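I have placed the structure first, in the form of structure tokens, so that the comments after it can refer back to it.
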Amino acid sequence: MDEIEINFIEKAAAALFNGIGRYSVGVACLDKGNYSSHTVGGAAVKRSASVIKLYILLAFLQCREVSDISHREYGLIYDMITLSDNEATNALIDMLGMDKINAVISRYGFSGTRLERKMLDFEAVENGLDNYTSVQDVLKFLKMAYTGEFGKDKSDLIYEIMKEQQNRSKLALLLPDGVSYAGKAGELDPEPDRGGVENDAGIIALSDKVLFITVLISSVREPDRAREAIAKFSKATYDLYNEQGQTFK
């Protein structure tokens, strides 16, 4: 990325996310085969919330040929991503086992990502277990899914299911009608001792390039404010790369 793009990403992140929580932000661009990225907020591991479901989907697809996926299994992975269905997710965790899921995560070098508990397992959270990822890992996942690096059939299926995600309250909210978007959001309600989580990861396909955006925010006290900031950051980044101005207020 050039200096103008890097400065813009850093200023936009500071203007929109300071005071909202502990944030990590990443933007990457694939332009005519050239890939570049920039992250703000360091390599800190963050609570993943439902973004972890992308890795569970990958682990499932490593165990199945796309042509062999049953109708029931497809329903589980589709609902896990598009509806963020926690029961479907837990059924897949039971089917695969946490060790196998984490082995796939490690195999692909997602060093900041780990599945430690099922969805809605509040007892596990009280015992210090949670699910984690990093902005670097998520950007890498998005790029690999888009470019076919998980294998063409598997990557295509991941991308197509992500296009159907129904939560459009963050990165997708302010994008113009007709823009190609695929994503996976995640959130956890604020807790008295450590706040909540507002995450989103998205792929925005422009006419001549592709953007990958990840925002992970922990210690969130005002979820609506965080979601609005994520939406504004996405629109500002879209405008930057779509050459329609560079505003983020």
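Points worth noting:
- Test: residue in the range 1-8 that is surrounded by fewer than 19 Cβ atoms within 10 Å (Cβ to Cβ), at pLDDT 95 or above and more than 21 Å from ILE204 (Cα to Cα): no
- The selection criterion, being surrounded by 20 or more Cβ atoms within 10 Å (Cβ to Cβ), closer than 14 Å to VAL51 by Cα and touching a helix residue (DSSP H, G or I) at 6+ places or on another chain (Cβ under 6 Å), holds for LEU115.
- Some residue of the range 164-172 being hydroxyl-bearing (Ser, Thr, Tyr) and closer than 29 Å to LEU120 by Cβ: yes
- Check on SER67, touching an Asp or Glu at 6+ places or on another chain (Cβ under 9 Å) and either at negative phi or part of a helix (DSSP H, G or I) (or both): yes
- Selection count, the range 147-200, where residues are under 28 Å from VAL104 (Cα atoms), of a type in the set (D, E, K, R) and surrounded by 16 or more Cβ atoms within 10 Å (Cβ to Cβ): 5
- Which listed residue is touching a strand residue (DSSP E or B) at 6+ places or on another chain (Cβ under 8 Å), basic (Lys, Arg) and assigned to a loop (DSSP other than H, G, I, E, B), from LYS184, LYS170, LYS143: LYS170
- Of all the residues in the range 43-64, those that are open to solvent by 40 Å² or more (accessible area, probe 1.4 Å) and of a type in the set (Gly, Ala, Ser) number 2.
- In the range 164-183, the residues that are closer than 17 Å to THR214 by Cα reach residues that are open to solvent by 40 Å² or more (accessible area, probe 1.4 Å) with C-beta atoms within less than 6 angstrom, at least six apart or across chains, in these pairs: SER169/ARG227; LYS170/ARG227; LEU174/LYS235; ALA182/LYS163.
- When the residues of the range 66-85 are filtered to those that are of a type in the set (D, E, K, R) and more than 20 Å from MET98 (Cα to Cα), the one that is least open to solvent (accessible area, probe 1.4 Å) is ASP68.
- Among the residues of the range 120-140, those that are touching a residue at least 40 places away in the same chain (Cβ under 8 Å) and part of a loop (DSSP other than H, G, I, E, B) comprise ASP130, ASN131, SER134.
- Of the residues SER219, SER234, SER207, SER169, the single one that is among the polar types (S, T, N, Q) and under 17 Å from VAL27 (Cα atoms) is SER234.
- Residues that are of a type in the set (S, T, N, Q) and in contact with a helix residue (DSSP H, G or I) (Cβ under 9 Å, 6 or more places away or on another chain), drawn from the range 20-68: SER24, SER36, SER37, THR39, SER48, SER50, GLN62, SER67
One line per residue, one yes/no per condition, for (1) touching a Gly at 6+ places or on another chain (Cβ under 8 Å); (2) in a loop (DSSP other than H, G, I, E, B); (3) free of Cβ contacts under 8 Å to residues at least 24 places away in the same chain:
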{"position": "ILE6", "(1), (2), (3)": "no, no, no"}
{"position": "TYR23", "(1), (2), (3)": "yes, no, no"}
{"position": "VAL27", "(1), (2), (3)": "no, no, no"}
{"position": "LEU30", "(1), (2), (3)": "no, no, no"}
{"position": "TYR74", "(1), (2), (3)": "no, no, yes"}
{"position": "ALA88", "(1), (2), (3)": "yes, no, yes"}
{"position": "LEU92", "(1), (2), (3)": "no, no, no"}
{"position": "ASN102", "(1), (2), (3)": "no, no, yes"}
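- Residue satisfying condition, being in a helix (DSSP H, G or I) and of a type in the set (Asp, Glu), within set ASP200, ASP239, ASP189, ASP193: ASP239
The values are calculated or read from the model by the stated rules, or taken from the named source; none is laboratory data. On a predicted model such as this, the values are computed, not experimentally measured, just so you know. As a convention, Cβ positions derive from the backbone with ideal geometry for all residues, glycine included, and neighbour counts pool all protein chains shown. Accessible surface is based on the protein model in full, side chains and every heavy atom, while ligands, DNA and RNA are left aside. Shrake-Rupley method; radii C 1.70, N 1.55, O 1.52, S 1.80 Å.
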